[in-house]
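Novice: What follows is a single structure, and I will ask about it in a moment.
The values are calculated or read from the model by the stated rules, or taken from the named source; none is laboratory data. As the structure is a computational prediction, the values presented were derived from the model and not from experiment. Positions of Cβ are backbone-derived with ideal geometry, glycine not excepted, and every protein chain shown enters the neighbour counts. To get the accessible areas, we keep the full protein, side chains included, count just its heavy atoms, and leave off ligands, DNA and RNA. Shrake-Rupley method; radii C 1.70, N 1.55, O 1.52, S 1.80 Å.
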Amino acid sequence: MLITMAVFASILALMFIKLSFDVIGFRRKNKVSLGSGGVDELERAIRAHGNFAEYVPFGLLLIGALELNGAPFELVAPLGVLLVVGRYFHAKGINEPSPTFTNRVRGMKLTFAALGLSAIANVAWVGYLLISSSLM
């Protein structure tokens, strides 16, 4: 079962809906049906939403694969927390006016850490499974 992934996927889905509503709200406010119409706040909302959609699926795929292959909760859950926190800070930071990129950079660092550590954990866990199964 993918219990841990289900929880993190649900949290991230709610965050995605919030980002979607932000885009919709700015489109309505500025009467822009396609693109950003040159409206900075709408462009930021579009990119926060798009960036989320670009990174989250890969993160969930890695976390789900790890859990599906029987990795312990103590290994899987922190990776999910890292991904959620990274996406939160990025979304918050992308809406900060330039040149303040602190939260945006923090969010990307945490997101890349979640992806990189998840990839390494998958390779290590599968290696462990292969070695331990061949010893039996």
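Novice: Accessible area of PHE112, 1.4 Å probe, to the nearest 10 Å²?
Specialist: The value for PHE112 is about 110 Å².
Novice: In percent, what relative contact order does the chain have, based on Cα pairs under 8 Å that are 6 or more apart in sequence?
Specialist: The normalised contact order for the chain reaches 25 percent.
Novice: Then there's this: Between VAL123 and VAL81, what's the calculated FRET efficiency when r is the beta-carbon distance and R0 is 22 Å? Round to 0.05.
Specialist: 0.60
Novice: Rounded, prolate or oblate for the chain? Axes are the square roots of the Cα gyration tensor eigenvalues, ordered a ≥ b ≥ c, and the cut-off for rounded is a/c under 1.5.
Specialist: Prolate is the answer for the chain, as a/c is 1.5 or above and a/b outweighs b/c.
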